[in-house]
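The values are calculated or read from the model by the stated rules, or taken from the named source; none is laboratory data. Quick caveat, the model's predicted, so the values are computed rather than measured. Cβ placement follows ideal geometry from the backbone for every residue including glycine, while neighbour counts extend to all protein chains displayed.
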Amino acid sequence: MKVIPLFHKCDSQRCLFVGGGKIALRKAKYFADKGLVIDVIATTIIHEMRNLVNESQGVCLEKEFSEQLVVNVQYKYWCIVAATDEKSINSRVAKFAKTHDTMVNVVDQQELCDFIFPATIERESLIIAISNSGSSPILTRLLKQQLSMLIPDAYGKLSQFVGRKREKVKAAIADKKTLVSFWEHVLQGSIAEAIFSGKQLEADQKFELALAEPEKFNRCGDVSLIGAGPGDPDLLTVRALRLLQQSDIVFYDNLVSQEVMALISADTELFYVGKKRDNHAVPQHDINKLLVEHAKLGKHVARLKGGDPFVFGRGGEEIASLIDEKIAFQVVPGITAANGCSAYAGIPLTSRGIAQSVQFVTGQLKDGSIDLNWTELVAPNKTLVFYMGLAGLPVICDALMQHGMPTSMPIALIEKGTTQEQRVFISTLDELPNKLLNEKVKSPSLIIVGEVVALSKKLQWFQGS
């Protein structure tokens, strides 16, 4: 069945439903919501259908369908929907509609249909229709669910915002190239993000400033500081994915997984600024400068960090430099490694009667040392999570034991957590360093210390490839 997707104006149009049950009701609601007048002919009309018809100012005829009955109604129907349990009646309805040049839809009889009902995603004035020509309603429904997650409700507000401003912009910008660039920056930049964040007044103010100097506005970029999560691309937020796909250039870290990087458009420029122990590809000060420089070139810049930008990610340092240079930016949180890796290893960070608090600790200070407040860390009923602690694992274990933590305390090291390459090593404080001597463990890795680690034996659910 070949179909053409069309959007019809339907204010106050009249349509006829033959059938008054639940199937007819579901489709009638779709029409009534758009302002159509609904008439029904059926031997039995359920209560909900009757109410819907009355609200639409339509007519209920509780009779068996006949061609003459429709002719006598004296209405020219915009369309007719046959939704009875009797195929013979549905066929008669279809034949009548075609004879009278009226569009018809026959439920579950695709060959008799002039039109089919698509699945729709509606965001106020923005409507997206999905169809596979009626071959698989279930596939259409699944696609709708997936697309709905990628299209926030605020896109409807963005659509209305653009509609209100369109004529004003056309009058102000004569050059076609400048006009297209202007709208691209509006729809993918700080103005759209203000609308997505519910800041309508801010969006209006930014828009007026942009329209006053469109050429200058077209040269203004922005920066999105994005948390990539611990590795599994399915753990990216919807906003993170959207901004990555809109970016002109992505500055990414060593801890961002290849699976996440694969989601970035092939046309997007990639710039590696990763840091490894004693090996910083680009010093932090230079990263700050690069973000500013590319934003000032009018680019949509994404700064992509493993985990969350504000958990041992130097995100605060980077946005401080953007604020100093008056660069528009936003921060998109990511699932930090402690949450993602512990969940995939079956280790709850807190558990009633076992651990009432959790503490995130960096296993490497700014000067490269591991000089921590060990007395505080060995407090009972607590879970410890060490980031960047792989190289210092023997020192960490020894220091915890020296300050009173039992040698038998469960400890886990999770390598490449949440990915298909995940490995989980569980032992005790006094045994884990020796257990890992021949394992060639690599970063990214995370260390969890506490009684909750013992729960992994029962709760572990994820298996890598």
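How many residues are under 22 Å from Lys95 (Cβ atoms) and either at pLDDT 90 or above or assigned to a strand (DSSP E or B) (or both) if we restrict to segment 6-26?
9
Identify all residues within segment 376-403 that are among the aliphatic types (A, V, I, L, M) and without any contact (Cβ under 8 Å) to a residue 40 or more places away in the chain; write none if there are none. Working first, answer last.
Keep residues of segment 376-403 that are among the aliphatic types (A, V, I, L, M), which gives 377-379, 384-385, 388, 390-391, 393, 395-396, 399-401.
Scanning segment 376-403 gives Leu377, Val378, Ala379, Val395, Ala399, Met401.
Residues of segment 442-457 being closer than 16 Å to Met388 by Cα and either surrounded by fewer than 15 Cβ atoms within 10 Å (Cβ to Cβ) or of a type in the set (Gly, Ala, Ser) (or both), which ones?
Lys442, Ser443, Ser445
Out of all the residues in segment 431-446, is one or more touching an Asp or Glu at 6+ places or on another chain (Cβ under 6 Å) and not polar (S, T, N, Q)? First the steps, then the outcome.
Within segment 431-446, the subset touching an Asp or Glu at 6+ places or on another chain (Cβ under 6 Å) is 441, 445.
Those left that are additionally not polar (S, T, N, Q): 441.
Yes: one or more hits.
Take the conditions aliphatic (A, V, I, L, M), crowded, with 16+ Cβ neighbours inside 10 Å and touching a helix residue (DSSP H, G or I) at 6+ places or on another chain (Cβ under 6 Å) and apply them to Ile396. Does it pass? Spell out the reasoning first.
Details: aliphatic (A, V, I, L, M): yes; crowded, with 16+ Cβ neighbours inside 10 Å: yes; touching a helix residue (DSSP H, G or I) at 6+ places or on another chain (Cβ under 6 Å): no.
So Ile396 fails the test.
If a residue has to be small (Gly, Ala, Ser), over 22 Å from the mean Cα position of the chain (by Cα), part of a loop (DSSP other than H, G, I, E, B) and crowded, with 20+ Cβ neighbours inside 10 Å to count, how many in segment 324-364 make the cut?
2
Pull up segment 290-310, narrow it to residues that are out of contact with any helix residue (DSSP H, G or I) (no Cβ under 8 Å at 6 or more places or on another chain) and surrounded by fewer than 20 Cβ atoms within 10 Å (Cβ to Cβ), then point me to the one that is farthest from Thr362 (Cα to Cα).
Leu297
Are any of the residues in segment 166-182 of a type in the set (Asp, Glu), farther than 22 Å from Ile128 by Cβ, assigned to a helix (DSSP H, G or I) and not assigned by TED's automatic domain parsing to the domain that holds Met261? I'd like the intermediate steps shown before the answer.
Step one: filter segment 166-182 for residues of a type in the set (Asp, Glu), giving 167, 175.
So of that shortlist, the ones also farther than 22 Å from Ile128 by Cβ come out as 167, 175.
Of the ones still in play, those that are also assigned to a helix (DSSP H, G or I) are 167.
Filter again for not assigned by TED's automatic domain parsing to the domain that holds Met261, leaving 167.
Within segment 166-182 (the criterion being of a type in the set (Asp, Glu), farther than 22 Å from Ile128 by Cβ, assigned to a helix (DSSP H, G or I) and not assigned by TED's automatic domain parsing to the domain that holds Met261), the answer is yes, since at least one residue qualifies.
Go through segment 39-62 and give me each residue that's assigned to a loop (DSSP other than H, G, I, E, B), surrounded by 16 or more Cβ atoms within 10 Å (Cβ to Cβ) and not hydrophobic (A, V, I, L, M, F, W, C). Quick ask: steps written out before the conclusion?
If we filter segment 39-62 for residues that are assigned to a loop (DSSP other than H, G, I, E, B), which is where we start, we get 46, 56-59, 62.
Filter once more, so that each one left must be surrounded by 16 or more Cβ atoms within 10 Å (Cβ to Cβ): 56, 58-59.
Across segment 39-62, the qualifying residues are Ser56, Gly58.
Restrict the check to segment 41-56 and report whether at least one residue is at pLDDT below 90 and over 36 Å from the mean Cα position of the chain (by Cα). First the steps, then the outcome.
Of all residues in segment 41-56, those at pLDDT below 90 come to none.
Scanning segment 41-56, I find no residue that is at pLDDT below 90 and over 36 Å from the mean Cα position of the chain (by Cα), so the answer is no.
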